[in-house]
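> Structure incoming, see below.
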Amino acid sequence: MTASNRAPQKLKATRYEDDVHAWAQEQVHLLQAGAWARLDIEHIADEIADVGRSERHALTSALCVILLNLLKWDHQPTRRSRSWVTSIRTQRSIVAERLEDSPSLKSQIQALIDRAYHRARIEAAGETGLDEGAFPPVCPYDFTAIMTRPIPWPPNDGDARSTCR
């Protein structure tokens, strides 16, 4: 079937401002049909740019959760919990998946860590009750440590099988 044979004949034109989901579905059909002249190029370009921002935001959020839990782990050793370990492990997996799906983000990782650390430090102060100044002003963890530093559970039991990586 050629693009012209698949072109939607009477597809309702939904305005982007009225219903983004319906608009997006229509744009997909127009793209698949090769109906180039009927595409809403301006809004398609905006949406594609938003995809990139969304990917960076998701990666930054996952890094923030890891950093928050590492800060709590280091600054409140008597309050360590299995949920912190689980959160670190889960978010490490999310970071790895995001970088696998969007490898170009690897070149931005330090800037994303810096941004995530700024938020993690604020959140750590709020969650621990410690002054924000108790936490280093610059992220003390490099990417390798963020992703692979062992987090033993239960803490200090010496059992290598129960270490979070």
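The values are calculated or read from the model by the stated rules, or taken from the named source; none is laboratory data. Source: prediction; values computed, not measured. FYI the Cβ positions are ideal-geometry reconstructions off the backbone, even for glycines, and counts take in every protein chain you see. Protein only, heavy atoms only, side chains kept; ligands, DNA and RNA dropped before computing areas. Shrake-Rupley method; radii C 1.70, N 1.55, O 1.52, S 1.80 Å.
> Taking the stretch 30-48 as the region of interest, how many residues are open to solvent by less than 90 Å² (accessible area, probe 1.4 Å) and out of contact with any Lys or Arg (no Cβ under 6 Å at 6 or more places or on another chain)?
Residues meeting the conditions: 10.
> Right, here's the next one. Test of understanding: among Ser83, Ser102, which residue is hydroxyl-bearing (Ser, Thr, Tyr) and either at pLDDT below 95 or over 23 Å from Pro140 (Cα atoms) (or both)?
On inspection, the qualifying residue turns out to be Ser102.
> Shifting gears a bit: Please work out which residue is least open to solvent (accessible area, probe 1.4 Å), limiting yourself to the stretch 49-59 and to residues that are free of Cβ contacts under 8 Å to residues at least 40 places away in the same chain and among the aliphatic types (A, V, I, L, M). So that I can check it myself, show each step before the final result.
At the first step, the residues of the stretch 49-59 found to be free of Cβ contacts under 8 Å to residues at least 40 places away in the same chain are 49-54, 57.
When the remaining residues are screened for being among the aliphatic types (A, V, I, L, M), the result is 49, 51.
Values: Ala49: 46, Val51: 87 Å².
Residue satisfying both the conditions and the ranking: Ala49.
> Still on this structure, I have one more. Take the residues of the stretch 80-131 that are among the basic types (Lys, Arg) and open to solvent by 30 Å² or more (accessible area, probe 1.4 Å): which is nearest to Ala58 (Cα to Cα)?
Keep residues of the stretch 80-131 that are among the basic types (Lys, Arg), which gives 80, 82, 89, 92, 98, 106, 115, 119, 121.
Keeping just the survivors that are open to solvent by 30 Å² or more (accessible area, probe 1.4 Å) gives 80, 82, 89, 98, 106, 115, 119, 121.
Details: Arg80: 26, Arg82: 24, Arg89: 16, Arg98: 8, Lys106: 14, Arg115: 12, Arg119: 14, Arg121: 18 Å.
Among those that are among the basic types (Lys, Arg) and open to solvent by 30 Å² or more (accessible area, probe 1.4 Å), it is Arg98.
> Quick check on the stretch 46-69. Is at least one of its residues among the hydroxyl-bearing types (Ser, Thr, Tyr) and closer than 30 Å to Ala13 by Cα?
yes
> Taking the criterion of being polar (S, T, N, Q) and either in contact with a helix residue (DSSP H, G or I) (Cβ under 6 Å, 6 or more places away or on another chain) or under 21 Å from Arg92 (Cα atoms) (or both), would at least one residue in the stretch 56-67 satisfy it?
Let us first name the residues in the stretch 56-67 that are polar (S, T, N, Q), namely 60-61.
In the following step, the residues that additionally are either in contact with a helix residue (DSSP H, G or I) (Cβ under 6 Å, 6 or more places away or on another chain) or under 21 Å from Arg92 (Cα atoms) (or both) were identified as 60-61.
So far as the stretch 56-67 goes, yes, one or more of its residues are polar (S, T, N, Q) and either in contact with a helix residue (DSSP H, G or I) (Cβ under 6 Å, 6 or more places away or on another chain) or under 21 Å from Arg92 (Cα atoms) (or both).
> Residues in the stretch 48-81 that are within 25 Å of the chain's Cα centre (by Cα) and farther than 26 Å from Asp114 by Cα: how many?
0
> Consider the stretch 106-142. How many of its residues are closer than 26 Å to Ser54 by Cβ and not in a helix (DSSP H, G or I)?
Qualifying residue count for the region: 3.
> Here is a follow-up. Select from the stretch 95-109 the residues that are among the hydrophobic types (A, V, I, L, M, F, W, C) and within 17 Å of Ala145 (Cβ to Cβ) and write down the one among them that is nearest to the chain's Cα centre (by Cα).
Looking at the filtered set, the residue picked out is Val95.
> Please go through the stretch 145-163 and pick out each residue that is modelled with pLDDT under 55 and surrounded by 11 or more Cβ atoms within 10 Å (Cβ to Cβ).
Passing the criteria: Asp157, Ser162, Thr163.
> Let me ask something else. Considering the stretch 132-142 alone, what residues qualify as being closer than 24 Å to Ala111 by Cβ and either touching a His at 6+ places or on another chain (Cβ under 7 Å) or surrounded by 14 or more Cβ atoms within 10 Å (Cβ to Cβ) (or both)?
Looking only at the stretch 132-142, we keep the residues that are closer than 24 Å to Ala111 by Cβ, and these are 132-133, 135-142.
Listed by number, the residues that qualify are Phe135, Cys139, Tyr141.
> When Thr14 is evaluated against the numbered criteria (1) within 30 Å of Ile94 (Cα to Cα); (2) modelled with pLDDT under 90; (3) touching a helix residue (DSSP H, G or I) at 6+ places or on another chain (Cβ under 6 Å); (4) of a type outside the set (A, V, I, L, M, F, W, C), which criterion, by number, is the only one it fails?
Of the numbered conditions (1) within 30 Å of Ile94 (Cα to Cα); (2) modelled with pLDDT under 90; (3) touching a helix residue (DSSP H, G or I) at 6+ places or on another chain (Cβ under 6 Å); (4) of a type outside the set (A, V, I, L, M, F, W, C), the odd one out for Thr14 is (1).
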